[in-house]
1. I'd like the full set of residues that are over 17 Å from Ala355 (Cα atoms) and of a type in the set (D, E, K, R), limited to the range 196-217.
2. Can you tell me which of (1) open to solvent by 10 Å² or more (accessible area, probe 1.4 Å); (2) over 26 Å from Pro19 (Cβ atoms); (3) away from ligand 2 (no atom under 12 Å from the Cβ) is the one Gly255 doesn't meet?
3. Quickly run through the range 283-310 and pick out the residues that are exposed (fewer than 15 other Cβ atoms within 10 Å of the Cβ) and in a loop (DSSP other than H, G, I, E, B).
4. Show me the helices (runs of 4 or more DSSP H) entirely contained within the range 32-119 in which 2 or more residues are within 24 Å of the chain's Cα centre (by Cα).
5. Considering only residues that are open to solvent by 10 Å² or more (accessible area, probe 1.4 Å) and either among the charged types (D, E, K, R) or within 15 Å of the chain's Cα centre (by Cα) (or both), which ones fall in the range 170-198?
6. Test Val29 against the criterion of being touching a residue at least 40 places away in the same chain (Cβ under 8 Å), touching an Asp or Glu at 6+ places or on another chain (Cβ under 6 Å) and assigned to a helix (DSSP H, G or I), and give yes or no.
7. Looking at Ala142, Ala166, Ala160, Ala174 in this structure, which one is among the aliphatic types (A, V, I, L, M) and farther than 16 Å from Leu245 by Cα?
8. For Ala146, state whether it is in contact with a Lys or Arg (Cβ under 6 Å, 6 or more places away or on another chain) and open to solvent by 10 Å² or more (accessible area, probe 1.4 Å).
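The values are calculated or read from the model by the stated rules, or taken from the named source; none is laboratory data. All values derive from a computational prediction rather than experimental measurement. When we count neighbours, we look across all protein chains shown, and the Cβ atoms used for this are built from the backbone with ideal geometry, even at glycine. Surface accessibility is based on the protein's heavy atoms, side chains included, excluding ligands, DNA and RNA. Shrake-Rupley method; radii C 1.70, N 1.55, O 1.52, S 1.80 Å.
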Amino acid sequence: MAIPTGVACACGRVHEPLPTKIIIRAGAVESLPILAGELAEGVPLVLFDPVTHRLAGENIARAFIRADKPWERLVLGSESAPFEPNEAALEAVRATIKDKQPGLVAGVGAGAMNDLGKFVAHEAGLPYISVATAPSMDGYMAPISALLIGGVKVTYDTKAPDGVIADLDVLAGAPMSLVSAGFADVVGKLTSLRDWELARVLFGEYWCRAVSDHVEGIASRLFAAAGALAERSHDSVRLLMEGLLEAGISVFHVGSSRPTSGSEHLVSHYVEMRRFNEGGRPPAHGHVVGFGMLVIAELAEKMRGLRAEDVRKTRFTPADMEQVLAELRLDEVPGNFGKSKFDAEIRDARLPVIASRWDDILAVLEKVPPAHKIREGLARVGAPTNLRDLGLDPETAMDTVLHARYMRERYTMLDLAAELGVLEAQAANIVRKYA
Ligand SMILES: [Zn+2]
Ligand SMILES: [Zn+2]
C-alpha cells in the first residue's frame, strides 16, 4: 500500500512528497554525472575509501568521461589506516572543498562514509548524493550523522541526502555479513511497528495506518524472501535496499522515527553505546537489532499469557539509574535518556490504564512474529542467532535485556514487559536460551 502524498491522509495529516531523488537499478552508478548535474551546477566532489574506490571508482570515472563532465575525487583512508568518520577525515574533506570549490558532494560507501558525507555537505551548504555500496543499515536517508570525535561516537543533526544511487550490481556483491545485517534491520520493523501501535493504544500517540501498512508490507515481503536473498537475487536485493531507504522515508512522512525504531533498536542503542564507551567496537547494527527482535518476541509470548486480572496484581521495581549509567560508563545523564522510567510512581499510575486496555494490547502483542520464525529467517541469511556468534558475553547480554529500555523515553514493549514483571522474570531464561 502506497502512502498518499499531497492530499489529506486518513491519519489527519497531509504527507509531503519526498524531495530526495532515488535511483535503484543494476548499473545505477553510471547515473551519477546526470543526477549530480540535475542537483547542482558546480563540479561534483566524490568521496571514496580504498575499498569503495576499488569497487566503483572505475565505473564512476568512465561515466563522467562518457558524460563529458568534470569531477573531483578524494579517497579517504589507506590500506594501513582504514577510513573512519573522524577529525582527520573531516579536515581532509574540508581542505578539498576549500581548494576545489565543488557544487555538490557525493559519498560512495555505506554507513560511515554516508555519515561523513552528509555532515560535510550540510556544513558547506552543498547538495549531497549517497552512492550506496552495501545494503547494510537503515541510516542512508536519516538526517543525522554519527562521527567519531575524540574516539567517541557523537551524533549530529545534518540533512537527508538530496539523491540516492543504489546500484544492484554493486549491492549484490557486498559481503554477506553486511547483507544479513541490513536484512535484520529491515525485518526489525515488524517489532518497531508494534511498539508504535502500543503507544497509540496506551497514550493515544499519533499513528498512521498508511505508513504502518506500507513499512510492514516491505518488511514482511523481505522476511519471506530470505532464501532468495541468501542467493543474492537482484529482486531480493532491491527489496532489501527499498526497505532500508523506506525507513528514512517513513520518518520523513511521520516526523518521528516511531515506525522504524522501537524496542529492537533500543537493544542496539544500548549495545552500541556500551561497546563504544568501553573503547571497543559493537557488532553490526542490524545483527544486534536481530537479537533485539528475538528478545521482544520471547517477552511478547509470555505477556500474551497474562489476563487483565494478572496485570492489576503485578509488582515491579525500576532499576537504579546510577547502576545503569555506570554500566554504560556515563558520567552524566544523556539528554535523551529515559529518565521517567526510573520512577515507580509513574508506572503505578499507568498500571490501571494498561489493565483497562488489556484486550487492545493483546491484539498488538498477537501480531509480533514468534521467536522461532524470526530465528529461522535470521539463520537463512546467515545472521547470528545466538550471543556467541553475535559476540556478546552473557553479562553484557543480561544488562542489555534488562536495561536497554532506559536508553530513550520512547515507550515500547520492553517497558510493558518490565512494568508487568515479565522482563525481570524472563531475562535470565532468554540469555540462557540464546547463549
Ligand atoms: Zn497518514
Ligand atoms: Zn536500524
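1. Of everything in the range 196-217, those that are over 17 Å from Ala355 (Cα atoms) and of a type in the set (D, E, K, R) turn out to be Glu205, Arg209, Asp213, Glu216.
2. The single condition Gly255 does not satisfy is (2).
3. Within the range 283-310, Gly305, Arg307 meet the criteria.
4. 87-100
5. Passing the criteria: Leu178, Leu190, Glu197.
6. yes
7. After applying the criteria, what remains is Ala174.
8. Considered against the rule, which asks whether it is in contact with a Lys or Arg (Cβ under 6 Å, 6 or more places away or on another chain) and open to solvent by 10 Å² or more (accessible area, probe 1.4 Å), Ala146 comes out as yes.
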